[in-house]
1. Please verify whether Ser111 is assigned to a helix (DSSP H, G or I), at pLDDT 95 or above, crowded, with 19+ Cβ neighbours inside 10 Å and within 25 Å of the chain's Cα centre (by Cα), treating the condition exactly as stated.
2. Just to be sure I understand, how many residues within segment 242-281 are surrounded by fewer than 17 Cβ atoms within 10 Å (Cβ to Cβ) and part of a strand (DSSP E or B)?
3. What's the number of the only condition in (1) over 26 Å from Phe237 (Cα atoms); (2) surrounded by fewer than 15 Cβ atoms within 10 Å (Cβ to Cβ); (3) of a type outside the set (A, V, I, L, M); (4) touching a helix residue (DSSP H, G or I) at 6+ places or on another chain (Cβ under 9 Å) that Glu58 fails to meet?
4. Taking the stated definitions as given, is Lys223 at pLDDT 95 or above, surrounded by 18 or more Cβ atoms within 10 Å (Cβ to Cβ) and not assigned by TED's automatic domain parsing to the domain that holds Gln442?
5. Considering only segment 411-436, state which residues are within 26 Å of Glu348 (Cα to Cα), among the aromatic types (Phe, Trp, Tyr) and out of contact with any Ser or Thr (no Cβ under 6 Å at 6 or more places or on another chain).
6. Of the residues that sit in segment 30-64 and are assigned to a loop (DSSP other than H, G, I, E, B) and of a type in the set (Asp, Glu), which one is nearest to the chain's Cα centre (by Cα)?
7. Where the second residue is polar (S, T, N, Q) and in a helix (DSSP H, G or I) and the first is touching a residue at least 12 places away in the same chain (Cβ under 8 Å) and lies in segment 158-172, which pairs have Cβ atoms under 8 Å and are six or more apart or on separate chains?
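The values are calculated or read from the model by the stated rules, or taken from the named source; none is laboratory data. What you see is a predicted model; the values in this text were computed from it and never measured. Reconstructed Cβ throughout: ideal geometry from the backbone, glycine too, with neighbour counts over all protein chains shown.
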Amino acid sequence: MIELSVPVEKIPYIRTIEGRKFKNGKWQFPDSALTVLQQYKLIDSNIVVSKKEKVQYELSPYLRDYQQKIVNNALNEGCYAIFSETGTGKSPMGLEIAIHFDKALILCPLSVIETAWIDDCHRFYPDKIIVNCHGSSKTERLEKLNSKADIYIMNYESFKILKNEIRNVQFDCLIIDESSVMKNMTSQITSDILEMIDVIPHRFVLSGCPTPNHNAEIFPQIKLVDSDVFGNNYYGFLAKYFTQDMANPHRWYQTQENKNAYYNRLSEKSIFLAKDDCIALPDKTFEIKKIDMGKTQKMYYQNMVQNIKDNINSWSKFEFTAKLMKLREILSGFVINKDNSITDFDTEKDKILQQSIEEIGDKPIIVWCQFIHEIERLAKKFNGMALTSKTKNRDDIIRDFKDNKVKLLFTHPQLLGKGLTFTNCSYNIYYSLSFSYEDFKQSQDRIHRFGQTNKCTYIILQMKNTIDERIYNCLRRKGNAVDELYLEMGLKSINDFKENS
């Protein structure tokens, strides 16, 4: 950090320097700004910023070579971002970072507290005390926060409830798992987490997909790590690392020059790691099974399609998306009536699912679904285990599936979406799909990750000539299925769609 006084007439020059701060009557600049400050003759040209000597930390033997290198870099930096693709072992790296501090706080999705972070801690660091701060009331959460431990872990909701009390605990390390939760610069959780910049000195973020929609989503995540990287001004960040579309001023895109500058700057405080760069994993195989609709299903489907085409130009994006959900329900073998009762009907998808299960044999299978009724109906029909948002013994079911006590699991990608490892399983069947590429990728990575020794097979069940096909094609190329379906079903211009939404 370089600290100095800047004459008033020179202030316009320093506005281009990222990471500048004005504190206690003086300007502070990151060490990387030395050359620019010398050009503006604000600092002597003979001054050289000495580089911090790199320390080789003593790390656990459980870590692979690439993990040890990343963790060592992170500890030397003091604040760091690890953007490591799903399946490369982010949780063990996060735990290794945590144990090098007196008191660490980890924020992560509720779904992975017990079956990923705590299980891994007990397995690799049995001498460390880790506390799950989740609870049914603030009082219960606070009791856990005030207990004696080395590592405290909670979900984002608990953090929002306890954020004021956390200020008084004197944590010296904060780790944000799945930091894409901060991708929205204006969300409340992003604002709450960023308040910790002045509270907890060492901050680390972990994510396999930090920018699921747009590269600008990295800004708040890196700001938490070190605001010197991109500065504090979001719009200044956009102006420097993106190009504005003059035909559509709300759209910012990146040229190759923008991308080069963006990733070069990011590399100072982060690392991007792909599975292929560090782990030799078995191949993936995708099998598409095309299915004809039955008479009743086809009637429901065609009636809904006609209703959409008749009304599409008067609907908002929200209304249109709701109708698409109705189509997806029909393709899953049921309709929800106006009185909220549910009508099931026969669907050939069930027959093909049965055939697929029989072909796989006595091996663990995850069947991915989109609706609670769909999950419960299929689990009952095929004698499997249902895991929904209503399931109370979730962690027990996950452990039983890992231990092969449960062989057929029906669930939604977001319930097992991040941080969980099922390398005992090598078969996924997609009974239905969402519009989310992140959900699709994360669901694949539950089985295709470090420790997997078998070829991973993904079976996609598709109704012919329906939105099943469009959704899958869009997911394969990261397209926007909602926008494309809107155009296909009658809209003249996608701009009309966005104006109506």
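1. Numbers: assigned to a helix (DSSP H, G or I): yes; at pLDDT 95 or above: no; crowded, with 19+ Cβ neighbours inside 10 Å: yes; within 25 Å of the chain's Cα centre (by Cα): yes.
Criteria not met by Ser111.
2. Summing the residues that are surrounded by fewer than 17 Cβ atoms within 10 Å (Cβ to Cβ) and part of a strand (DSSP E or B) in segment 242-281 gives 5.
3. Unmet condition: (4).
4. Working: at pLDDT 95 or above: yes; surrounded by 18 or more Cβ atoms within 10 Å (Cβ to Cβ): yes; not assigned by TED's automatic domain parsing to the domain that holds Gln442: yes.
Yes: the conditions hold for Lys223.
5. Matches in segment 411-436: Tyr430, Tyr431, Phe435.
6. The first filter runs over segment 30-64 and keeps only residues assigned to a loop (DSSP other than H, G, I, E, B), leaving 30, 40-64.
Now restrict to residues that are of a type in the set (Asp, Glu): 44, 53, 58.
Values: Asp44: 45, Glu53: 34, Glu58: 30 Å.
Step by step, filter segment 30-64, then rank; the result is Glu58.
7. Between residues of segment 158-172 that are touching a residue at least 12 places away in the same chain (Cβ under 8 Å) and residues that are polar (S, T, N, Q) and in a helix (DSSP H, G or I), the close pairs are Lys160/Gln188.
To keep it simple, each residue is scored yes or no on (1) surrounded by fewer than 14 Cβ atoms within 10 Å (Cβ to Cβ); (2) under 29 Å from the mean Cα position of the chain (by Cα); (3) within 21 Å of Thr457 (Cα to Cα); (4) in contact (Cβ under 8 Å) with a residue 24 or more places away in the chain.
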residue: Phe345; (1), (2), (3), (4): no, no, no, yes
residue: Asp350; (1), (2), (3), (4): no, no, yes, yes
residue: Gln354; (1), (2), (3), (4): yes, no, yes, yes
residue: Glu358; (1), (2), (3), (4): yes, no, yes, no
residue: Trp368; (1), (2), (3), (4): no, yes, yes, yes
residue: Leu387; (1), (2), (3), (4): no, yes, no, yes
residue: Lys392; (1), (2), (3), (4): yes, yes, no, no
